[in-house]
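The values are calculated or read from the model by the stated rules, or taken from the named source; none is laboratory data. Keep in mind that this is a model prediction, so the values were computed, not measured. Glycine also receives a Cβ, built like all others from the backbone with ideal geometry; neighbour counts cover every protein chain displayed. The area values use the complete protein model at the heavy-atom level, side chains included, leaving out ligands, DNA and RNA. Shrake-Rupley method; radii C 1.70, N 1.55, O 1.52, S 1.80 Å.
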Amino acid sequence: ILLVRHGESGSMLGGQSLALTDGQGDPPLAPGGRAEAELVGTRLSRENIAAIYTSPLRRTVETAEPLARSIGIVPRVERDLREVFLGEWEGGIYRKKFAEQDPIALQMLAAQRWDVIPGAEPAPEFSERVRSVITRIAAGHPGERIAVFTHAGVIGEVLAQASSSEPFAFIGPNTASISQVLVTSDRWLIRRFNDASHLEAG
């Protein structure tokens, strides 16, 4: 499974919260993110992709579009690939709080738990959601290479589970970067993390 983080997304303008979809911030790609999507699409078009999955949020759907167009595959939307729910910090507030070094943000990093944020998705539920969706996708494509366009929190959780590392060991991959896991019947093996060489070439 090739785990692709979405491209650079739009941010809050004039202090206005981002539009929400099912309670989660759902900005489109920024102009730079659209350029990143083209570059990662070109890179992956040579990878013999058998299927494409996205979360339901616009930034992953839009990042997958160039690859889907290039290889003629219709992406499948998988709700459980959505980003970790940030509770009261949805709609772009998370970025603002993090930039301000809010005490709760610092506590979240120290505890390595998203659910330190008020109302955020409980850590055990997020972990189980991610494990279930990756297992389900892999089971549907034995022996095939799959592109999964998702979010930083999800990618970090997949790789933490694969490596039995601390929860935030793989936090914050670059936008439009590629990470890779080999999913077998009894284990997940990390093949690469945060590969953004296609962006440097662009």
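Have a look at the DSSP beta bridges in the chain and tell me what percent are antiparallel, nearest 5.
Bridges in the chain that DSSP calls antiparallel: roughly 55 percent.
Considering only the other residues whose Cβ falls under 15 Å of the Cβ of residue 1, what net charge follows from Lys and Arg at +1 and Asp and Glu at -1?
Counting the neighbours of residue 1, the net charge comes to +2.
Considering the convex hull of the alpha carbon atoms of segment 98-199, report its projected area averaged over all viewing directions, in nm², one decimal.
Mean projected area for segment 98-199: 7.4 nm², to one decimal.
Kindly provide the GluC sites (Glu not before Pro) of segment 80-128 that DSSP labels as loop, not H, G, I, E or B, and whose Cβ sees at most 14 other Cβ atoms within 10 Å.
100
Averaged per residue, what accessible area in Å² does the chain show with a 1.4 Å probe, protein chains only?
Averaged over the residues of the chain, the accessible area is 47 Å².
Once the principal axes of the Cα atoms of segment 2-79 are found, what is the range along each, listed largest first in whole angstroms?
So the extents along the principal axes, rounded to whole Å, are 43, 25, 18.
Once the other residues with Cβ under 13 Å from the Cβ of residue 182 are scored (Lys, Arg +1; Asp, Glu -1), what is the net sum?
Computed value for this residue: +2.
Relative contact order for the chain: what percent, with Cα pairs under 8 Å and sequence separation of 6 or more?
29
Given Cβ point charges of +1 (Lys, Arg) and -1 (Asp, Glu) and nothing else, what value in debye, to the nearest 20, does the dipole of the chain about its Cα centre take?
480
Would you report the distance distribution of C-alpha pairs in segment 91-150 as whole percents per 10 angstrom bin, up to the bin with the largest distance?
Pairs per bin, as whole percents: 19, 35, 26, 17, 3.
Give, in whole angstrom and from largest to smallest, the semi-axes √(5λ) of the equivalent ellipsoid of segment 1-145, with λ running over the eigenvalues of the Cα gyration tensor.
That gives 29, 20, 12 Å for the three semi-axes.
How big is Rg to Rh over segment 57-107, alpha-carbon atoms, Rh as the Kirkwood inverse-mean-distance radius?
1.17
Heads up, I need the accessible area for residue 102: 1.4 angstrom probe, whole protein in place, Å², nearest 10.
Here the residue's solvent-accessible area equals roughly 30 Å².
In whole Hz, with x marking every Gly and Pro, tabulate ³J(HN,Hα) for segment 34-48 from phi via Karplus 6.51 cos²θ - 1.76 cosθ + 1.60, θ = phi - 60°.
5, 5, 4, 4, 5, 5, 5, x, 4, 4, 6, 5, 9, 9, 6
What percentage of the solvent-accessible surface of segment 50-114, computed with a 1.4 Å probe over protein heavy atoms, is contributed by carbon and sulfur atoms?
With neighbouring chains kept in place, the figure for segment 50-114 is 53 percent.
Compare 189, 81, 159 in a GNM of the chain, Cα atoms joined below 10 Å, and give the one with the largest fluctuation.
Top of the fluctuation ranking is 189.
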